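Peer 1: Structure provided below as structure tokens; questions to follow.
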Amino acid sequence: MEARARFKYIPTSPVKMRLVIDLIRGKAVDDALNILHFTKKHAAKDAEKVLRSAIANFMNKEEAGRVEAHDLFVKEAFVDGGPVMKRVLPAPMGRAFRVKKRSNHVTIVVAKKKTKK
């Protein structure tokens with residue numbers, strides 16, 4: 001079983017968010033939370049929020065009751081580009097520069113580890 005969480009329209013460049021998400025892909029949830037909590041990048045705060053939401057979604061889905069966090073791992077984690085706001089910045093000599101304010105959508109899927117019997 002797996003659970004997913006999405007955080008849409010995050011006002012950060014997708015490239016900056018992918019640097020953080022690449023750190024946790026395929027890791028155990030405990031390790032991923034530690035990595036995100038102690039990463040100095042601003043995008044790590046939003047990624048940690050999404051991961052905690054995915055864990056909570058998994059706990060709510062589970063019929064048997066509470067599942068320990070060390071039994072879960074990050075199955076999928078990806079960043080999609082969101083809408084781009086185009087703005088104009090004044091430039092010298094009457095010109096204007098275009099500024100693209102990018103956004104992104106983060107999706108994280110957590111699943112339970114397979115236990116060998």
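The values are calculated or read from the model by the stated rules, or taken from the named source; none is laboratory data. Keep in mind it's a predicted model, so treat the numbers as computed, not measured. Positions of Cβ are generated from backbone atoms using ideal geometry, with glycine treated the same way; all protein chains shown enter the neighbour counts.
Peer 1: Do the conditions hold for Lys16, that is, is it part of a helix (DSSP H, G or I), within 16 Å of Asn104 (Cβ to Cβ) and either hydroxyl-bearing (Ser, Thr, Tyr) or without any contact (Cβ under 8 Å) to a residue 40 or more places away in the chain (or both)?
Peer 2: yes
Peer 1: When residues of region 34-52 are filtered for being within 24 Å of Glu68 (Cβ to Cβ), free of Cβ contacts under 8 Å to residues at least 40 places away in the same chain and surrounded by 18 or more Cβ atoms within 10 Å (Cβ to Cβ), how many remain?
Peer 2: Looking only at that region, the number is 3.
Peer 1: For Lys8, which of the numbered conditions (1) part of a strand (DSSP E or B); (2) surrounded by 14 or more Cβ atoms within 10 Å (Cβ to Cβ) fails to hold?
Peer 2: Answer for Lys8: the failing condition is (2).
Peer 1: Next question, about the same structure. Can you tell me which condition Leu36 does not meet? The list is (1) assigned to a helix (DSSP H, G or I); (2) over 13 Å from the mean Cα position of the chain (by Cα), and all the others hold.
Peer 2: If we test Leu36 against (1) assigned to a helix (DSSP H, G or I); (2) over 13 Å from the mean Cα position of the chain (by Cα), just (2) comes out false.
Peer 1: Quick check on my filter: what residues within region 39-97 are more than 28 Å from Val15 (Cβ to Cβ), of a type in the set (D, E, K, R) and part of a helix (DSSP H, G or I)?
Peer 2: Correct list: Lys61, Asp71.
Peer 1: Here's something else I'd like to know. Considering only residues of region 72-110 that are farther than 21 Å from Ala47 by Cβ and of a type in the set (D, E, K, R), which is nearest to the chain's Cα centre (by Cα)?
Peer 2: Applying the filter and picking the extreme gives Lys100.
Peer 1: Considering only residues of region 16-28 that are under 12 Å from the mean Cα position of the chain (by Cα) and not charged (D, E, K, R), which is surrounded by the fewest Cβ atoms within 10 Å (Cβ to Cβ)?
Peer 2: Of everything passing the filter in region 16-28, Leu19 is surrounded by the fewest Cβ atoms within 10 Å (Cβ to Cβ).
Peer 1: Can you find even one residue in region 99-108 that is at pLDDT 95 or above, among the hydroxyl-bearing types (Ser, Thr, Tyr), touching a Pro at 6+ places or on another chain (Cβ under 7 Å) and within 29 Å of Pro11 (Cβ to Cβ)?
Peer 2: Yes, region 99-108 has at least one match.
Peer 1: Separate question: Do you know which of the residues in region 53-106 that are among the hydrophobic types (A, V, I, L, M, F, W, C) and touching a residue at least 60 places away in the same chain (Cβ under 8 Å) is surrounded by the fewest Cβ atoms within 10 Å (Cβ to Cβ)?
Peer 2: Val79
Peer 1: Across region 39-85, which residue is nearest to Arg6 (Cα to Cα) among those that are in contact with a Phe, Trp or Tyr (Cβ under 8 Å, 6 or more places away or on another chain) and among the β-branched types (Val, Ile, Thr)?
Peer 2: Among those that are in contact with a Phe, Trp or Tyr (Cβ under 8 Å, 6 or more places away or on another chain) and among the β-branched types (Val, Ile, Thr), it is Val50.
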